[in-house]
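Values in this text are rule-based calculations from the coordinates and carry no lab data. Treat the numbers as computed from the prediction; the structure is a model and nothing was measured. Cβ sites come from the backbone with ideal geometry, for glycine too, and all protein chains shown count toward neighbours.
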Amino acid sequence: MRTLSMEDIQLLNMLEARTGAKGTDVVRAEGGFTFIVERGELGKAIGKQGANLARLRKETNANVEIVEASDTIEGFTRNVFRPAILREINVINDGKTVSIKVDREEKGKAIGRNGDKIKRARTLLKRCYGIEEVKLT
């Protein structure tokens, strides 16, 4: 079970107050936050034309990302890497490694600028599912 600090709880409360979406976790990283919201709450969290997300970014003066939770490692992995299209996801090594296959055209989206997206994915998958390694091929 993940433990949340008081600051994390305050951020989740702010997310819910501003958007109406129920957040389950928040991960802080360089220059921003990634909120994990319950299944079906992503649209509410982002808002019409991204209005809620823009407001959160402005209020926190930080880069805010929102990821929808999933019941499976594969589903959560797809959500973390959106909008990149993942061709195949395999959980190997007794659930300790996620191997992801992407087409060449999608690799840049999956890695992100300066590797930010893959770093975020590693952090989120480790925190939520105990995944120790994420391989992108």
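Ignoring solvent entirely, what values of log10 I(q)/I(0) come out of the Debye formula for the stretch 6-68 at 0.12, 0.18, 0.24, 0.26 Å⁻¹ when each Cα is a single scatterer?
The Debye formula, applied to the Cα set alone, gives -0.22, -0.52, -0.97, -1.16.
Out of all Cα-Cα pairs in the chain, roughly what percent, to the nearest whole number, are more than 26 Å apart?
Here the long-distance tail beyond 26 Å is 22 percent of all Cα pairs in the chain.
Around Asp94, what is the net charge, scoring Lys/Arg as +1 and Asp/Glu as -1 over all other residues with Cβ under 14 Å from its Cβ? Could the numbers behind the result be given before it?
Values: positive: Lys96; negative: Glu132, Glu133.
After counting each charged neighbour, the total is -1.
Return the long-range amide H neighbours of Phe33 (sequence gap of 5 or more, or a different chain), with a cut-off of under 5 Å between placed amide H atoms.
Asn63, Val64, Glu65
Quick one: what are the phi-derived ³J(HN,Hα) couplings along the stretch 121-128, Karplus 6.51/-1.76/1.60 with θ = phi - 60°, whole Hz, x for glycine and proline?
With the stated coefficients, the stretch 121-128 comes to 4, 4, 5, 5, 5, 5, 5, 8 Hz.
Give me the orientation-averaged projected area of the Cα convex hull of the stretch 73-136, in nm², one decimal.
3.7
Figure the gain on full extension for Arg28 and Gln10 (residue separation times 0.36 nm, minus the Cα-Cα span) and round it to one decimal in nm.
This chain segment gains 5.2 nm when fully extended.
For the stretch 21-69, run through the GluC sites (Glu not before Pro) and keep only the ones in DSSP coil with at most 16 other Cβ atoms within 10 Å of their Cβ.
Those that pass, being in a loop and sparsely packed, are Glu30, Glu38.
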